[in-house]
Structures are given as C-alpha cells and as structure tokens.
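The values are calculated or read from the model by the stated rules, or taken from the named source; none is laboratory data. Just so we're clear, the structure is a prediction, and the values are computed from it rather than from any experiment. Positions of Cβ are generated from backbone atoms using ideal geometry, with glycine treated the same way; all protein chains shown enter the neighbour counts.
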Amino acid sequence: MSRTGLRDRYNAWVQHHRLSAADSMLRVLDNPVSSAMTWLVIGIALALPTGLDVALDNVSQLSASWDSPAQISLFLQDGIGDERARQLEQELAARPDVAQTRFVSRQEALEEFRTLSGFADVLASLDQNPLPHLILVSPAGSSSQGAAAALRQELQAYPDVAQAVLDMEWLQRLNSLMELSRRLVLAVGGLLVVGVLLILGNTIRLAIESRREEIVIIKLVGGSDAFVRRPFLYTGLWYGVGGGFFAALLVAASLWFLRQPVSELALLYQSEFRLRGLGIMGGLNLIILGGLLGLAGAWLAVSRHLVEIQPR
Amino acid sequence: MISFDRVSKRYAEGHDALREVSVNIGSDELVFITGHSGAGKTTLLRMIMLMERPSRGQVSIDGQNLATIGPRGIPRHRRNIGVVFQNHRLLMDRTVYDNVALPLIIAGYDHREVGRRVRAALDKVGLLNRERAMPVTLSGGEQQRVGIARAVVGKPKILLADEPTGNLDPALSAEIMQLFEEFNQVGVTVLIASHDLALISRLHHRIITLREGRLVAGSKT
C-alpha cells in the first residue's frame, strides 16, 4: 500500500500542507473570541518593545537634527583686560569655522553667578572677583563632534586662553541615555518574546490536548510524527501572524493618537519634526516575526507533548 | 507470514501477559485468538502493530524481525496493517468519508484515487449511501463497519481485529465475521481476537487459545 511514486508523494505532501493550513485556519476562526484574545495578548507583547523602539528612533532623529550640538567655552588668562578680550572675540568671530561668539565679562559672570547660584552672601565677602573673562564659541556649519573637538584644540593654543572647554556633556549624556534605553528596550523585548513563546506554547498544548484521541488514531493507522505535527505548526503560525498584525495595528494606532500633540509641540519649538511610524516594511517585518515566533512556540509545545501521546 | 518465536511479555509490575508463545500464521489464513480477558489476546495483536515490544523472543512478519524496526519505522510498518478496534475509534468530528480516507491521506494518495478507494471500501461494507454522515448518527454495527472500511481501504496484507463484535448482537456479529471472511478470501491475512466462542466455533477456522499468557491450543494448523 505504501507503493506510491515520488511525484505522487510530493503532491500528497503539498496537498496535506494545504489541507493542514486551511483546517488550522478554520479551527482558529471557529473560536473567534478566544483566538482574538490570543492575538491581542501576542499583539500587545510585541507592540510594547516595537513601540518603544519607534519612539527611540524618533528621539535619535530629533537629536541628530539639533543645531550646533556643541559650544566651546574659552576661559581667558587672568590679567587680560576687557579691551583685549573684546578684541579676541572679534578675531574669533571672523574665523570661517566659527558661527557665533559671545563675550561674557568677569563682572557679568559674577552678576549671573550671584543671581543664579544663591551664593550671594559668600561672593559679597570676597574682596576680589575670582571669575575669568569668558568667550562662548559656537562652531560653524553642521559641525560634528570631531570637528568641534579639533576647533577646541586650536583655540586652546591661543596664548590668551587659559582653558578651552567643549560643552558636549549634555550631548554625551543624551547619547548614553539613548544607549541605556536601547538596551532596556532590548531586554524588555527579549523577555516579552519569551513570554509570547510561552503563551503560544500553552495555546498549542491545549489544542493538542483537545485532539488527543485524534492524534492516537492517526498514529494507530500509520501517521508519522511530521503528519501529526503539521496542523499544530500551522495553528501556531496563524496565531503568530495574527498577533504580529495586531501589534502593527496597535503601534500604528498609538502613533496616530500621538501625532497631533507632537506636531503642535514641534510647531511651538518652530521645528519641522514629524513622528515617524513603522512604515509598511516595519509592519510586514512585525507580522513575519510574529509568524516565526508562532512556529517556534508551536514547535516547542509539539515536540514536548506529542511524544507523550502514544496509542495505549 | 506472521511468526511468534518463544515470545514473552512481562510488564514492569511483574505481570506476565505472554509466556513463551510460539506460533506461525500463514498468509492465506484467517485465525481466531481466544481466551479469557487478560489471557494475552490483545497483547499478541499489539505486538504485531508494534504498540508493544516483547520482553523475550522474536516476532517476525514476512521474514522481517520486528525488533529491527525503530521508532521512525513504526508509521510505515503500521500503514501495511489494517486494524479494527472494539470501540471503533472513529474521529467523531469528521464524516464517514473522512474517517475512511484517513489512512490514504496519511499514505499520500492523490485525492481522486482516495475518492475511488474510499467509495469502494464503503460499498464493500454496505455504507456507500452514508459517506456524508457523521459517525454519531450511525448505529453501533454501522460504526464498526466504518472502522472495517478504514482498516481495509489501504489494501493491507494483514488485518487485525480486537473484539470486533464485542458490542454487537449475534446477527450483526455474524455479518461482520462474514465480511472478514470475504477479505481473507482475496488474500488478506486476518487475525481476530474474540471471546465469542459460540460464534467462532461455527466458522471453521483455526482457533488459537491462550490461557494466562500461554498458548494452550491451535499452535498448528
């Protein structure tokens, strides 16, 4: 009876795949409420890290478009007079790689410090101003961090300059904050992916349990493990694909929800910033990822539970 | 065809299901296996389809020692054997047609061939007009005949039946036995476990009798 040609076998294999896929789909759709719950759970679990990732992308896009990412503070030598300092400021402003300069005299700096720091009493007790003259220099053009650092080197070499400090700390802080967030998103994403696998594994386990007698009968009449496995793998695939689709929907919906206030906020800052979404490819990737997770979860459940079911 | 060579089966809890059973069954035979429940009838059948392995001794079919068939070879082995169960074991959520078609789908037949063979098998057991029915709507005797159609649809060389008439009245039982005889006449080796002595002694076939796992009668034709 098992004398069938290779071609027939291939056709039958394809046919059984088609049959299993359709049958599993019908079974999933037969219980719309519980299937939708599974889809939603998977969708939420996938949407959380995806949404955070999209948010981070937007933030990094925003920080990349920031004008003049750096500012160089030049603290002048003690004993340099107002006159000389202003002259130096003019010289610097004339440089092609400098966009803007601002001179803060020692007196201005002291005033500012007095009002801002709350050390007014302490400062009043000093008999002379401890602060140096300051020139703030903004590098020209789309100065990268490297260019700004090079400019700082050059400015440091001026004899009148005591110290040149590149104010990039906030940028570095932002960058390390972004890096930290990215890692957090990865960690949360990893955990949720494991969660999705477990949810799918459990759903498939229940499906296997409810069809135990059928599995026994199929094994009794000579169904191979692959034959028994196939419909359950498809069930997992459908749950995963549906979950990925829901996740894409959820992310798109939350972005749509945020779009209006974000562009209003951007307008207030006179920025052209627009929220970037997942895009079609991102959505497709999410659905594919869901499908792969579905297959993997089903495989986990099937390889654990189908072996246990043997004809008695 | 089927040979048992000093086969013993001892379960983990120490119960001996079969003790030193040796018997040969020819390919053209219809053989009844009888004995009280627990005498080892079912164990004998289960060994042929590799649901059970002997503790000692050897079972072979067509000269092939079944011990050489590993777990991955079991499905292929079972496709060459038709089995009828006492409780039918039908898929209750599938039609009669789908139930009978199952072995052919598993074996990978083209759907036209499946249709042809399923109808031939249903015709043989007299249920051609019920192919769209669900098993629950059938009587016990009809369900058993669906089970028989499923067992023979793949044209196996061996047909096993475990108490196939267990829940049926005498008239239906005789009908079912007649079906088995017909399959035997076209060259199928048939083994039927049954304790219905009144019925099987009328049928003039070899009867193998087991008592507490030992073969007490019927080892020779």
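Among the conditions (1) more than 14 Å from every other protein chain (Cβ to nearest Cβ); (2) out of contact with any Asp or Glu (no Cβ under 7 Å at 6 or more places or on another chain), B:Ala151 misses just one, which is (1).
Among the conditions (1) more than 11 Å from chain A (Cβ to nearest Cβ); (2) farther than 26 Å from B:Ser173 by Cβ; (3) under 15 Å from the mean Cα position of the chain (by Cα); (4) among the hydrophobic types (A, V, I, L, M, F, W, C), the only one that B:Leu30 does not satisfy is (2). In this structure, does B:Lys157 turn out to be farther than 18 Å from A:Gly223 by Cβ and within 11 Å of another protein chain (Cβ to nearest Cβ)? So B:Lys157 fits the description; yes.
Look at (1) away from every other protein chain (no Cβ under 14 Å); (2) under 25 Å from B:Ser37 (Cβ atoms); (3) surrounded by fewer than 16 Cβ atoms within 10 Å (Cβ to Cβ) and you find that B:Asn129 fails only one, number (2). The single residue among A:Arg229, A:Arg212, A:Arg205 that is basic (Lys, Arg), out of contact with any Cys (no Cβ under 6 Å at 6 or more places or on another chain) and surrounded by fewer than 18 Cβ atoms within 10 Å (Cβ to Cβ) turns out to be A:Arg212.
Within the stretch A:43-65, one or more residues are away from every other protein chain (no Cβ under 14 Å) and of a type in the set (Asp, Glu). Identification of helices (runs of 4 or more DSSP H) wholly contained in the stretch A:49-127 with 2 or more residues that are surrounded by 13 or more Cβ atoms within 10 Å (Cβ to Cβ) and either touching a Phe, Trp or Tyr at 6+ places or on another chain (Cβ under 6 Å) or small (Gly, Ala, Ser) (or both) yields A:82-94.
Results for (1) at pLDDT below 90; (2) under 20 Å from B:Gly147 (Cα atoms), shown as yes or no for each residue.
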{"residue": "B:Leu168", "(1), (2)": "yes, yes"}
{"residue": "B:Gly187", "(1), (2)": "no, yes"}
{"residue": "B:Ile192", "(1), (2)": "no, yes"}
{"residue": "B:Leu203", "(1), (2)": "yes, no"}
{"residue": "B:Glu212", "(1), (2)": "yes, no"}
{"residue": "B:Val216", "(1), (2)": "yes, no"}
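From the list B:Gly82, B:Gly26, the lone residue that is farther than 25 Å from A:His16 by Cα and not aliphatic (A, V, I, L, M) is B:Gly26.
Listed here are the residues, each with its yes/no results for (1) at pLDDT below 90; (2) at the interface with another protein chain (Cβ under 10 Å from one of its Cβ atoms); (3) in a loop (DSSP other than H, G, I, E, B).
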position	(1), (2), (3)
B:Met47	no, no, no
B:Gly57	no, no, no
B:Pro75	no, yes, no
B:Leu91	no, yes, yes
B:Arg94	no, yes, yes
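Given the condition touching a Gly at 6+ places or on another chain (Cβ under 8 Å), within 11 Å of chain A (Cβ to nearest Cβ) and either at pLDDT below 90 or over 19 Å from B:Phe183 (Cα atoms) (or both), answer yes or no: does some residue in the stretch B:106-117 qualify? So far as the stretch B:106-117 goes, yes, one or more of its residues are touching a Gly at 6+ places or on another chain (Cβ under 8 Å), within 11 Å of chain A (Cβ to nearest Cβ) and either at pLDDT below 90 or over 19 Å from B:Phe183 (Cα atoms) (or both).
Restricting attention to the stretch A:253-312, the residues that are in contact with a Phe, Trp or Tyr (Cβ under 7 Å, 6 or more places away or on another chain) and more than 30 Å from A:Ile204 (Cα to Cα) total 1.
Go through the stretch B:57-74 and give me each residue that's surrounded by 13 or more Cβ atoms within 10 Å (Cβ to Cβ) and touching a residue at least 24 places away in the same chain (Cβ under 8 Å). The answer is B:Gly57, B:Gln58, B:Val59, B:Ser60, B:Ile61, B:Ile74. Taken as a whole, the structure places B:Leu159 among residues that are touching a strand residue (DSSP E or B) at 6+ places or on another chain (Cβ under 8 Å) and assigned to a strand (DSSP E or B).
Considering the stretch A:261-312, the residues that are over 18 Å from the mean Cα position of the chain (by Cα), within 29 Å of A:Val196 (Cβ to Cβ) and outside any helix (DSSP H, G or I) include one that is nearest to the other protein chains (Cβ to nearest Cβ), namely A:Val307.
Taking B:Gly141 as the residue in question, decide whether it is away from every other protein chain (no Cβ under 14 Å), within 27 Å of B:Leu30 (Cα to Cα), outside any helix (DSSP H, G or I) and under 20 Å from the mean Cα position of the chain (by Cα). So B:Gly141 does not fit the description; no.
A quick yes/no check of all residues on (1) over 30 Å from A:Thr235 (Cβ atoms); (2) more than 31 Å from the chain's Cα centre (by Cα):
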| position | (1), (2) |
| --- | --- |
| A:Ser20 | no, yes |
| A:Arg27 | no, yes |
| A:Asn58 | yes, no |
| A:Ala85 | yes, yes |
| A:Leu88 | yes, yes |
| A:Thr101 | yes, yes |
| A:Arg106 | yes, yes |
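Of the residues making up the stretch A:227-249, not a single one is of a type outside the set (Asp, Glu), in a loop (DSSP other than H, G, I, E, B) and away from chain B (no Cβ under 14 Å). Taken over the stretch A:150-165, the criterion of being farther than 13 Å from A:Glu91 by Cβ, surrounded by 14 or more Cβ atoms within 10 Å (Cβ to Cβ) and over 38 Å from the mean Cα position of the chain (by Cα) is satisfied by A:Gln156, A:Ala162.
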